[in-house]
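Enquirer: Pasting in a structure now, in structure tokens, and then I'll have a few things to ask.
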2 protein chains.
Amino acid sequence: MEIQRVTVIGGGLIGASWAALFLAHGLSVTVQDIDKAAEARVLAQLAAAWPDLQALGLARTTLEAAQAALRVTPDMQAALQGVQFVQECGPDRLPVKREIIAGIEAHVTANVIIASSSSALMASEMQQGAAHPGRILVGHPFNPPHLVPLVELVPGRHTEAETVTTARAFYEGLGREIVVPLRESRGHVANRLTAALYREAVHLVAEGIATVEDVDRAVSAGPGLRWALMGPHLTYHMGGGEGGLRHYLEHLGPAQERRWADLGTPRLDAATVDALVSGLDAALARMDETTLARRRDAALVALVLARRDQGFGA
Amino acid sequence: MEIQRVTVIGGGLIGASWAALFLAHGLSVTVQDIDKAAEARVLAQLAAAWPDLQALGLARTTLEAAQAALRVTPDMQAALQGVQFVQECGPDRLPVKREIIAGIEAHVTANVIIASSSSALMASEMQQGAAHPGRILVGHPFNPPHLVPLVELVPGRHTEAETVTTARAFYEGLGREIVVPLRESRGHVANRLTAALYREAVHLVAEGIATVEDVDRAVSAGPGLRWALMGPHLTYHMGGGEGGLRHYLEHLGPAQERRWADLGTPRLDAATVDALVSGLDAALARMDETTLARRRDAALVALVLARRDQGFGA
């Protein structure tokens, strides 16, 4: 079954970015959102995203056709009429999620996949009480979803294998790069890694080892450049010379363990929050914040194209 | 004093990459290395690096002129004749470093800066027993130094302020992006952040949450792309919407702390090393490893240009 009709629940930043990606692919998209301003917002975000989608080769249709293929409605039943795939982007709190899923299930047939964009919740938690838990899974993107290719596809305890297969094929068809964890874990995979990096980033500021600006620069001018191409495992393999990762681990493993033992365990107490915010303010004073999101997106397009050109990623 | 004559101690991968960067800038460079094969190796690395240095706008001379401005010698005294700046790239063990520094100091005047590429040692440790500790500091690059702009400039207890000022101006003139930590710390800044990310990357594999390949993909197709442009602090600020970082921390700080509490503390024992190596082998089987370093460098050039174009970094 070729998926051609998608419903996005929630027309916020993430939902609108998903919608733009789906629409660019020529799909019929309905965004369900109770906010009256949602339609204008989704249309504006679609128009803004369009040149980037074109540059990435992800626009298979015209902006006019994409606009015509979009519906925005507050009505759940109308939004789900004839849908084949639901991308759920509601608030990341379990009782709310369960309510939303019950609302979706009331209006769709049993074979319609419900993929949740949740970063904090697990599919198994959302499956509790569901009528058809086998079609529920997490499809977690990174912001902005139409530019950053990663989707973490995380089945829950009751997710059917076919659900994963279908969802994977669907997202891969949209040029996404898919990670399927072997089991569920709070934060899935990428946000656990992000949290680990952030903990030490906070520690370095809280302990007065470096400024917020220098911590950020130490990432983006250094290892961050490599992380856009390859993850930590392959990076250490390449740092191991002829002997690769095994050589690295057998020779520098003990040094790595000592480094781990020296990492910090900060708290986000009021004093630390103040230090982080004032440090960030100092950094912001030296950049043009008004154009930051636009420049980030333009650079992300160039990065995605560069890594694809060199055989890294889809 | 304009620095025009530089000596690189150690003609390995890092030393040769530094030499290529210095030579591209039109400097006279002597590489000191006791290995007879060093000269051929440094020349080969220079030629290989040249197109990338040109693409980055870092080549202010011709390859022929750069080759002519290079000397490679095993002799310490000859290598240091008339030098103004020493980039030390010897083995990262304290007794060896101290010996090398004593060897350098025997042949240079007191105002010559000695910058160590050390990632594991601190300048204060290397200053012990030095004749002129005020001119010693860490100038730690990321591999490969001629492509990755970051230099961590870390003064030790006895480093004179003028040493930092002069070294900063020197590196900035070479298009480097400088981080100066407020105080010394094992691993400086970037390698502490790298270690923090790697610890969770190992944990995810050791606990069977995800494969090596998926952990790496979860970085490079996701947050890694953003980290090539901005560090974790600015990233969370942008994720905080209108309220920015303070809003993020005040609303999601407790969730972040819970995520930190759930992070792993793996050991690099034999079983874990085996799991990491076999997982990496599976990933390598799906890529062209013979061209990996070349493709990485080509992509790094494109990334550095893209972030520069959009006002991120030098």
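The values are calculated or read from the model by the stated rules, or taken from the named source; none is laboratory data. This one's a predicted model, so the numbers in the text were calculated from it and none came from an experiment. Positions of Cβ are backbone-derived with ideal geometry, glycine not excepted, and every protein chain shown enters the neighbour counts.
Enquirer: Being under 27 Å from the mean Cα position of the chain (by Cα) and more than 15 Å from A:W227 (Cβ to Cβ) narrows it down to one residue among B:D281, B:D269, B:D274; which is it?
Expert: Values: B:D269 fails: under 27 Å from the mean Cα position of the chain (by Cα); B:D274 fails: under 27 Å from the mean Cα position of the chain (by Cα).
Only one candidate qualifies: B:D281.
Enquirer: Looking at this structure, is B:L153 in contact with an Asp or Glu (Cβ under 9 Å, 6 or more places away or on another chain) and of a type in the set (A, V, I, L, M)?
Expert: In short, no.
Enquirer: Regarding A:I3, is this residue under 27 Å from A:E162 (Cβ atoms), aliphatic (A, V, I, L, M) and touching a helix residue (DSSP H, G or I) at 6+ places or on another chain (Cβ under 8 Å)?
Expert: So A:I3 passes the test.
Enquirer: Just to be sure, is A:I14 touching a residue at least 40 places away in the same chain (Cβ under 8 Å), in contact with a helix residue (DSSP H, G or I) (Cβ under 6 Å, 6 or more places away or on another chain) and closer than 20 Å to A:Y171 by Cα?
Expert: no
Enquirer: For residues that are assigned to a loop (DSSP other than H, G, I, E, B) and either more than 22 Å from A:P232 (Cα to Cα) or within 7 Å of another protein chain (Cβ to nearest Cβ) (or both), tally how many sit in segment A:148-179.
Expert: Adding up the residues that qualify gives 9.
Matching residues to (1) modelled with pLDDT of 95 or more; (2) touching a Ser or Thr at 6+ places or on another chain (Cβ under 7 Å); (3) under 29 Å from B:L300 (Cα atoms):
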position: B:I136; (1), (2), (3): yes, yes, no
position: B:P149; (1), (2), (3): yes, no, yes
position: B:T159; (1), (2), (3): yes, no, no
position: B:V179; (1), (2), (3): yes, no, yes
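For (1) modelled with pLDDT of 95 or more; (2) more than 21 Å from B:G264 (Cβ to Cβ); (3) of a type in the set (F, W, Y), each residue gets a yes or a no:
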residue	(1), (2), (3)
A:T211	yes, yes, no
A:H251	no, yes, no
A:D262	yes, no, no
A:R295	yes, yes, no
A:A302	yes, yes, no
A:L305	yes, yes, no
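Enquirer: Among the residues of segment B:62-86, how many are farther than 13 Å from B:V108 by Cα and under 25 Å from the mean Cα position of the chain (by Cα)?
Expert: Residues in segment B:62-86 being farther than 13 Å from B:V108 by Cα and under 25 Å from the mean Cα position of the chain (by Cα): 9 in total.
Enquirer: Right, B:R259: farther than 22 Å from A:E242 by Cα, out of contact with any strand residue (DSSP E or B) (no Cβ under 6 Å at 6 or more places or on another chain) and not acidic (D, E) or not?
Expert: Judged against the criteria, B:R259 is a match.
Enquirer: For A:T165, indicate whether it is among the polar types (S, T, N, Q), over 16 Å from the mean Cα position of the chain (by Cα) and surrounded by fewer than 20 Cβ atoms within 10 Å (Cβ to Cβ).
Expert: Answer is yes for this residue.
Enquirer: Consider A:L229 carefully, then state whether it is within 28 Å of B:R307 (Cα to Cα), facing chain B (nearest Cβ under 7 Å), in contact with a Pro (Cβ under 6 Å, 6 or more places away or on another chain) and not β-branched (V, I, T).
Expert: Against the criterion (within 28 Å of B:R307 (Cα to Cα), facing chain B (nearest Cβ under 7 Å), in contact with a Pro (Cβ under 6 Å, 6 or more places away or on another chain) and not β-branched (V, I, T)), A:L229 does not qualify.
Enquirer: Hey, any hits in segment A:131-139 for a residue that's in a loop (DSSP other than H, G, I, E, B) and either in contact (Cβ under 8 Å) with a residue 60 or more places away in the chain or in contact with an Asp or Glu (Cβ under 9 Å, 6 or more places away or on another chain) (or both)?
Expert: In the first step, residues of segment A:131-139 are kept if they are in a loop (DSSP other than H, G, I, E, B); the result is A:131-132.
Subsequent filtering for residues that are either in contact (Cβ under 8 Å) with a residue 60 or more places away in the chain or in contact with an Asp or Glu (Cβ under 9 Å, 6 or more places away or on another chain) (or both) retains A:131-132.
Within segment A:131-139, one or more residues are in a loop (DSSP other than H, G, I, E, B) and either in contact (Cβ under 8 Å) with a residue 60 or more places away in the chain or in contact with an Asp or Glu (Cβ under 9 Å, 6 or more places away or on another chain) (or both).
Enquirer: Quick check on this structure: which one of A:A270, A:A306, A:A285, A:A298 is free of Cβ contacts under 8 Å to residues at least 60 places away in the same chain and facing chain B (nearest Cβ under 8 Å)? Before you say what the answer is, go through the steps one by one.
Expert: On the way: A:A270 fails: facing chain B (nearest Cβ under 8 Å); A:A285 fails: facing chain B (nearest Cβ under 8 Å); A:A298 fails: free of Cβ contacts under 8 Å to residues at least 60 places away in the same chain.
The match here is A:A306.
Enquirer: What residue, among those in segment A:112-124 that are touching a residue at least 40 places away in the same chain (Cβ under 8 Å) and in a loop (DSSP other than H, G, I, E, B), is farthest from the chain's Cα centre (by Cα)?
Expert: Only one residue fits best here, namely A:M122.
Enquirer: Further question: Restricting to segment B:185-202, name every residue that is touching a Ser or Thr at 6+ places or on another chain (Cβ under 8 Å) and either surrounded by fewer than 23 Cβ atoms within 10 Å (Cβ to Cβ) or facing chain A (nearest Cβ under 7 Å) (or both).
Expert: Once the filter is applied, which keeps residues that are touching a Ser or Thr at 6+ places or on another chain (Cβ under 8 Å) and either surrounded by fewer than 23 Cβ atoms within 10 Å (Cβ to Cβ) or facing chain A (nearest Cβ under 7 Å) (or both), segment B:185-202 yields B:G187, B:N191, B:R192, B:R199.
Enquirer: Do you know which residues across segment A:203-224 are over 20 Å from B:P149 (Cα atoms) and either facing chain B (nearest Cβ under 7 Å) or in contact with a helix residue (DSSP H, G or I) (Cβ under 7 Å, 6 or more places away or on another chain) (or both)?
Expert: Within segment A:203-224, A:L204, A:V205, A:A206, A:G208, A:I209 qualify.
Enquirer: Quick one: A:T235 ticks every box in (1) free of Cβ contacts under 8 Å to residues at least 24 places away in the same chain; (2) more than 28 Å from the chain's Cα centre (by Cα); (3) more than 7 Å from chain B (Cβ to nearest Cβ) bar one, so which box is it?
Expert: It fails just one condition, (2).
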